[in-house]
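Comments concern the structure below.
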Amino acid sequence: MTQTFKRRLYASPGDFVADLRATLGRPRRMRSVMRGESLDPALRERLMLAVTAVNGCRYCSYYHARQALVVGISPQEAEALAAGVMEGCPPEQLPAVLYAQHWAESDARPDPTARQRMVDLYGAEVAEAVELTLHTIRIGNMAGNTFDYVLYRISLGRWDVDRARITPDHVR
């Protein structure tokens, strides 16, 4: 029985370029988001874990689960988010986190109505910070998954590539 690589990769070079343009084209805004000036750090980590749960990058899952703890997210919530479960997410942040999940599942092509609802709920500035965060984590996810794909191919499919999810031991 042959194993197949199950994690997401960029569908085209154009998708990668679009993510780069979205992030590198606004360096000040990017710094502001990553420093926690224009987006709550806990929300940022929830967004990153939601996207990572969809894309399955084991490196990002591990790193952002740890970062979630640093910004005050409980180990239980971090573990749930890494598994794609929104249980424990604050109600005021839940729409943004669900949008992030939808955004990742739609391969960065969200339903325009869903995007507009997020803009209406949070305002254009926060919505922009959310989407900047989503593009950033997508780049990281796809880079990690591409690295694992190379390992998978080099090992002729024998490398255990499905260790993308974190366990409770990783977040404590």
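The values are calculated or read from the model by the stated rules, or taken from the named source; none is laboratory data. In this text the structure is predicted, and so the values were computed from the model without any measurement. All Cβ positions, even for glycine, are placed from backbone atoms using ideal geometry, and neighbour counts span all protein chains on display. With ligands, DNA and RNA removed, areas are computed over all heavy atoms of the protein, side chains included. Shrake-Rupley method; radii C 1.70, N 1.55, O 1.52, S 1.80 Å.
Here are the numbers:
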item	result
Near pairs, Cβ below 7 angstrom, 6+ apart or cross-chain, from segment 86-99 (without any contact (Cβ under 8 Å) to a residue 40 or more places away in the chain) to any residue that is among the polar types (S, T, N, Q)	Gly88/Ser74; Gly88/Gln76
Conditions (1) under 19 Å from Arg44 (Cα atoms); (2) buried (at least 16 other Cβ atoms within 10 Å of the Cβ): number failed by Asp148	(1)
Selection within segment 34-53 - crowded, with 21+ Cβ neighbours inside 10 Å and assigned to a helix (DSSP H, G or I)	Leu43, Arg44, Glu45, Arg46, Leu47, Met48, Leu49, Ala50, Val51, Thr52, Ala53
The lone exception for Asp107 - which of (1) buried (at least 18 other Cβ atoms within 10 Å of the Cβ); (2) within 21 Å of Gly84 (Cα to Cα) it fails	(1)
Which numbered condition Gly14 misses (of (1) surrounded by fewer than 18 Cβ atoms within 10 Å (Cβ to Cβ); (2) part of a helix (DSSP H, G or I); (3) in contact (Cβ under 8 Å) with a residue 40 or more places away in the chain; (4) not aliphatic (A, V, I, L, M))	(3)
Number of positions in segment 121-138 that are open to solvent by 40 Å² or more (accessible area, probe 1.4 Å), touching a residue at least 24 places away in the same chain (Cβ under 8 Å) and hydrophobic (A, V, I, L, M, F, W, C)	2
First in segment 61-80 and in a helix (DSSP H, G or I), second anywhere and of a type in the set (Ser, Thr, Tyr), Cβ under 7 Å, 6 or more apart	Ser61/Thr52; His64/Thr52
Boolean, Leu98 is over 28 Å from Tyr149 (Cβ atoms), at pLDDT 95 or above, open to solvent by 50 Å² or more (accessible area, probe 1.4 Å) and under 14 Å from the mean Cα position of the chain (by Cα)	yes
